[in-house]
Amino acid sequence: MTKVRAELLSAIEQRLAHPTARDLAHAVGRAISDGVVAPGTKLPPIREVATELALSPTTVSAGWALLTRSGTIRTDGRRGTTVVDRSEPRAGRYRQALEHQTHFRTDLSTGVPDATLLPSLTGALAALTTAGTPGSYLDEPVLPELREVLRADWPYDADELTIVDGAMDGLDLVARSVLRFGDRVAIEDPCFPPLVDLLEAVGAQVVALPLDGDGPDPDALAEALRTPLAAVVLQPRAQNPTGVSMGHGRADALAGLLEGTSTLVVEDDSAGATSISPPTSLGPRLPHQTVHVRSFSKSHGPDLRLAAMSGPNDVLAAVAARRQNGQGWSSRLLQRILLSLLTDDAAGAAVAAARHEYARRRRLVVDALAATGVPVGGTDGINIWVPVHDESAAIVRLASQGIGVTPGAPFTIGPPVQDHIRVTTGLLAEGHAEVAAQIAAAAQTSGWRSRGR
Ligand SMILES: Cc1ncc(COP(=O)(O)O)c(C=O)c1O
């Protein structure tokens with residue numbers, strides 16, 4: 001053991017009153033606030049801490065979980081577990097990817113829906129004025145009529161269904177309620193970077209599941225399951241960034257592998273009604289093992305901040321208990337607006353039109369890229385995942401043409417095999433051929449890195 005590690009462990013030991021997880025967390029916290037352990041310090045592996053402090057690995061793991069939840073330490077893939085520097089608020093990997101110095105003529109970097117394709121809120125807001133004012137803390141947290149409408153269109157007969165403040169809120173609640181420090185969680189590779197940030201924030205060990213055109217590779221899942229997985233996080237439709245929608249056969253194959261395990265399936269249907277694929281879930285085969293989240297952000301408006309989430313009774317009970325320490329429930333005023341939109345013909349027609357328009361925009365760019373020899377997979381949603389020769393060179397070249405795109409690296413979990421950029425084609429109302437020509441040229445651009453190889 002190095003001298004630094006020995007000093008660190010001794011500092012913790014001196015502050016450790018009782019051999020419990022809570023006391024261990026307090027001891028580490030005090031060592032940090034006393035200035036003995038500096039921000040950025042890497043903590044030794046759990047087994048080593050357990051041996052040196054005569055604790056069980058389970059106690060150390062539980063202590064680390066408490067420290068992770070309080071934001072005192074962070075587990076960050078290859079860098080291990082480190083003490084957080086609270087003086088520097090850290091942008092997640094996605095924010096880092098989106099931080100531009102430039103304003104683009106055509107900004108296709110954001111992954112957001114086209115605001116002009118969202119249904120109008122005018123009718124739903126007008127109806128609210130006669131709907132009465134919610135004055136109670138004690139009403140049902142979910143509007144019963146909304147629950148009924150959602151159940152009629154849900155991909156399976158779920159134990160329980162609730163409303164949360166968007167998909168990320170639902171996923172965060174589930175992760176914090178169910179996962180423990182050091183739990184292994186499989187996630188699609190590539191995937192939406194905030195999902196990885198969220199899992200790492202609770203101390204989960206992320207396992208990459210490569211994707212093909214039909215969804216996550218079953219062989220990779222079988223391999224990952226050789227050591228127990230606490231959860232597998234999937235995007236069943238219009239996967240961000242690839243646009244892959246899972247086929248029913250693939251969903252069935254994955255469910256077959258997961259059946260009989262204690263792995264929780266967590267499905268993030270963030271595309272919701274903007275997807276041209278039917279609602280898909282492992283829930284029909286694994287109803288008591290699946291959490292399914294459907295966001296209304298892309299289909300009905302990001303500022304509604306609403307998603308519906310179904311899951312096993314015990315998981316949703318844990319989520320409800322956790323929420324009691326925070327916001328309690330999602331505003332029923334907003335739920336009423338969503339209910340109006342889901343039951344209004346004009347709003348339904350607007351969402352359907354948006355779905356087809358997103359598919360058209362995507363197809364026009366993908367077809368033009370294919371014609372120039374740039375293959376793009378996936379079929380669905382507002383983003384495309386474009387293989388490029390050199391990510392940085394492609395981004396710089398497109399920026400010089402006034403086109404903003406997102407670098408692929410923050411979306412990649414395992415070792416990168418091929419550079420990529422993500423392009424939000426859903427925001428491109430016109431000029432598809434011209435933009436595709438620029439992307440194709442950028443895809444072939446070599447950077448100084450590749451020239452030097
Ligand atoms: C895969 C994925 N999950 C979740 C979200 C966020 O959803 P919400 O706005 O409902 O929190 C997004 C937004 O782009 C997303 O792409």
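None of the figures in this text is laboratory data; all of them are computed from the coordinates on show. Just so it is clear, the structure is predicted and the values come from calculations on it, not from any experiment. When we count neighbours, we look across all protein chains shown, and the Cβ atoms used for this are built from the backbone with ideal geometry, even at glycine.
Mean sequence separation of contacting Cα pairs (under 8 Å, at least six apart), scaled by the length of the chain, corresponds to a relative contact order of 18 percent.
The longest stretch of the chain left intact once loop-based GluC sites (Glu not before Pro) with at most 14 other Cβ atoms within 10 Å are removed from consideration, loops following DSSP, is 260-429.
Each Lys and Arg Cβ is given +1 and each Asp and Glu Cβ -1; about its Cα centre, the chain then shows a dipole of about 1160 debye.
Projected over all directions and averaged, the alpha-carbon convex hull of the stretch 129-344 occupies 11.5 nm².
Computed on the stretch 3-83, with alpha-carbon pairs under 8 angstrom and 6+ residues apart, the relative contact order is 31 percent. How many angstrom separate the Cα center of the stretch 415-436 from the Cα center of the stretch 220-272? When both Cα centres are located, 26 Å separates them.
Calculate I(q)/I(0) for the stretch 3-83 by the Debye formula, one identical point scatterer on each C-alpha and no solvent, and give its log10 at q = 0.12, 0.23, 0.24 Å⁻¹ to two decimals. These q points yield log10 I(q)/I(0) values of -0.27, -1.14, -1.27.
Normalising by the residue count of the stretch 129-344, find the relative contact order in percent from Cα pairs under 8 Å and 6+ residues apart. Relative contact order here is 27 percent. The calculated FRET efficiency for the pair HIS18 and HIS389, based on their C-beta separation and a Förster distance of 56 Å, comes to about 0.45. Cα-based values for the chain, radius of gyration first and Dmax second, are 23.4, 70 Å.
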